[in-house]
Each structure stands twice: as C-alpha cells, then as structure tokens.
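Student: My structure is below; once you've seen it, I'll send some questions.
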Amino acid sequence: MSDCLFCKIIAGEIPSTKVYEDDNTYAFRDINPMAKTHVLVVPKQHIPSVGEIENVPDDVLAACLRTCRRVAECEGILQSGFRVISNCGKDACQSVQHLHFHVLGGQQLSENMA
C-alpha cells in the first residue's frame, strides 16, 4: 500500500533500525520505545490489523509470532520474559493501519494492562 508508513519502511523508503528480517516479516526498533527493548514485528504483506486476518494465509500469521520469538532471543529477553502486544483499531490506539506486534521487555513490566 503506497501511503502506509510500515510498507514504506519495509520497502526501504523510510529508514529503520532492523533487528530481523525473513521472507514474510520485518522487525525493527520502535522510534518511541515504551520499554528498554521495544521492537515492532510486521508482516511484509499489507494487512490492516488482527481484525482483518480472515483471508490471510496461516503461514504468514505464524511467521509473525515466530519472528516475535526470534526477536526476543536476539535481544536476550527470551528467558527473562517479554510481552507481545497488537493494538487493533481506534479504541486500542492503533496508530498505523498495518498489522504489527510490539515485543517489549528488558525490564520488569507493569502488571497493569489498561
């Protein structure tokens, strides 16, 4: 999608700090980190949100979760613990309409999820 921020990052039109990449996913550091480790995992295919995955191949969705795990391993937080979050829609404060997962860790995270 030509006007999507994350599609432009994936295409290399906008710079990012890459953490991991494979055929289906791209992972990069969040420019406004909410934890010591804050990496975004996005599918290379433009998918607006979790609310619109009914026709997305299972291998693409599974690749996103596997990449979240790989990011945790690369960042050294796999054993200590990490959080994976996907904001879906306006009320959840989804700021970019491209499916993405926040991988957060590297510190004790709050128990408060609200």
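The values are calculated or read from the model by the stated rules, or taken from the named source; none is laboratory data. Remember, it's a predicted structure, so these values are computed and weren't measured experimentally. Cβ placement follows ideal geometry from the backbone for every residue including glycine, while neighbour counts extend to all protein chains displayed.
Student: Working only within the range 1-50, note down all residues that are among the polar types (S, T, N, Q) and buried (at least 19 other Cβ atoms within 10 Å of the Cβ).
Tutor: Within the range 1-50, T25, T37 qualify.
Student: Return a yes/no flag: does the range 70-93 have any residue that is within 22 Å of D3 (Cβ to Cβ) and crowded, with 18+ Cβ neighbours inside 10 Å.
Tutor: No: zero hits.
Student: Where residues in the range 83-114 are part of a strand (DSSP E or B) and in contact with a Cys (Cβ under 8 Å, 6 or more places away or on another chain), which of them is nearest to I53 (Cα to Cα)?
Tutor: F101
Student: Here's a follow-up. Taking only the range 19-28 into account, find how many residues are under 20 Å from S95 (Cβ atoms) and not aliphatic (A, V, I, L, M). First the steps, then the outcome.
Tutor: Filtering the range 19-28 down to residues under 20 Å from S95 (Cβ atoms) leaves 19, 25-28.
Within this subset, residues satisfying the condition of being not aliphatic (A, V, I, L, M) are 25-26, 28.
Count: 3.
Student: Which of the residues belonging to the range 29-68 are closer than 15 Å to Q94 by Cα and in a strand (DSSP E or B)?
Tutor: Within the range 29-68, L40, V41, V42 meet the criteria.
Student: Shifting gears a bit: Out of all the residues in the range 67-114, which are in contact (Cβ under 8 Å) with a residue 60 or more places away in the chain and farther than 21 Å from T25 by Cβ?
Tutor: Q107, L109 - these are the residues of the range 67-114 that are in contact (Cβ under 8 Å) with a residue 60 or more places away in the chain and farther than 21 Å from T25 by Cβ.
Student: Picking from V96, V103, V60, which residue would you name as being under 21 Å from F6 (Cβ atoms), modelled with pLDDT of 95 or more and within 10 Å of the chain's Cα centre (by Cα)?
Tutor: From the options V96, V103, V60, the qualifying one is V103.
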